[in-house]
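Heads up, the thing below is written out as structure tokens.
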Amino acid sequence: MIFRTMLLASAMAVGVLGVSGSASAADNKEVQMLHWWTSGGEAAALNVLKQYLAKEGYAWKDVPVAGGGGEAAMTTLKAMVAGGNPPTASQILGYFALDYAEAGKLADVSALAEKEGWAKVIPTALQRFTTTDGKWDAIPINIHSVNWIWVNKALMEKIGGKEPKNFDEFVALLDKAKAAGAIPLALGGQPWQEATMFDSVVMSTGGPAFYKKAFIDLDESALKSETMKKSFDNLAKLRGYVDPNYAGRDWNLATAMVIKGDALLQVMGDWAKGEFKTANKEPGKDYLCYRFPGTDGTVIYNTDMFALFDVPADRKAAQLALADATMSPEVQSAFNVIKGSVPARTDVPDTAFDMCGKKGIADVKAANAKGTFVGSLAQNYAQPPAIGTGAYHDVVTKFFHGEIKNSDGAVTELVKAINAAK
Ligand code: GAL
């Protein structure tokens, strides 16, 4: 039912847009971008790119599809591409891009990539998603990571809390907040948010080698193991710290609870920092950014890429302008300072970034060197969408909301769902 409604909404969006493939002078200078950046911080970051392109004489046409994690946006994109009206570019995550590349729907901007030397400055882990058979068809604007917690500093001081270093200390901190009458954990009960949080819980419970075995290699014995059961048991513990109204809440409203001091902390990717920034809050003064307890030294990443579609000839110049702007060190710095993420280019200095941004940049560098830079399963950087957005989100959310009763049931269902999605 929900799926049908979404399809209908997508079809309507396509109808309203009425994008034509025909050439016209007006089309030439327009960049049409599909994305799910509708929160305050996200929109402010996107403005950097819009303004940069405006200065170069390009008009911007937004195709915003609200919904954190991008599930609804991907449904709209599918309808647009199927209808022969692809946008100039679309925000996209990991394996979703590979599907469009495989279907031959993407452009080839290798000439520009070569001229600008992108291959030398983009981490090789990301190039797996931005290139197909050596050809560049998507561009990365940032590197986000999901294993963070965002803490209200005043509340932390009030309860006498300190940075938790492992899962048990995390639970002890949440208990302290509860005892003080605060909401310990700000959460939006939507499948993608719960699954994104679970990525961190698994990393904290099992460590990077286990995470890779289970989520990257899909090793069945790891998926069914005692460690995975313990990960689900740990997730179950977190249920006791959310407020009664958490179901269905948008992620940025959960961030707002921490900003206002209604809740102690949120487990969320560093796009949450964009919300603190647009609310004029400063790290170290108003809020604290810590790696999810027990995951220091690892980065569970998701990168926002722009998939570049194979648009008609009259729209290609605008597409190249977008690619050039996105990959410019200037935009990569200014955009990510606001967005909360880290530049995808490794040669962008950290000078303009705040303390959390500087930590993010250093963490990515260190994790890359150590082999602990791993893709988020919840965000479709570990497996194709049928497994990430599909099987994984589904099982984690059913468990969190009590439809799957215990961790034995959870691992059985997880293996079943993954095998069916393969
Ligand atoms: C993620 C995306 C971020 C942020 C977040 C919430 O999937 O990578 O850029 O937008 O969703 O909307």
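Every read-out reported here was derived from the displayed coordinates using simple, explicitly stated rules and does not represent laboratory data. In this text, all values refer to a predicted model and were calculated from it rather than measured experimentally. Positions of Cβ are generated from backbone atoms using ideal geometry, with glycine treated the same way; all protein chains shown enter the neighbour counts.
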### Task
Determine the relative contact order of segment 120-248: mean sequence separation of Cα pairs under 8 Å and six or more apart, normalised by residue count, in whole percent.
25 percent
#### Entry: Cα centroid of segment 316-354 to Cα centroid of segment 93-124, whole Å
16 Å
#### Entry: Cβ-derived FRET efficiency at R0 45 Å, Lys115 paired with Glu226, nearest 0.05
0.30
### Message
On a straight-distance basis, which lysines could pair with Lys213 in a cross-link, Cα separation under 20 angstrom, same-chain partners fewer than 8 positions away excluded?
### Response
Lys224, Lys229, Lys230, Lys370, Lys416, Lys422
### Task
Determine the calculated [θ] at 222 nm for the chain from helices alone, applying -39500 (n - 2.57) to every DSSP H run no shorter than 4 residues and normalising by the residue count; nearest 500 deg cm²/dmol.
-15000 deg cm²/dmol
### Query
What are the radius of gyration and Dmax of the chain, computed over its Cα atoms and given in Å?
20.9, 65
#### Entry: Ala279-Asp408 FRET efficiency (beta carbon distance; Förster radius 56 Å; 0.05 resolution)
0.85
### Summary
the chain, Gaussian network, Cα under 10 Å: of Asn234, Asn252, Asn166, the residue fluctuating most is Asn166
### Query
For Glu30, which sequence-distant residues (separation of 5 or more, or a different chain) have an amide H within less than 5 Å of its own amide H, given hydrogens modelled in the peptide plane?
Ala59
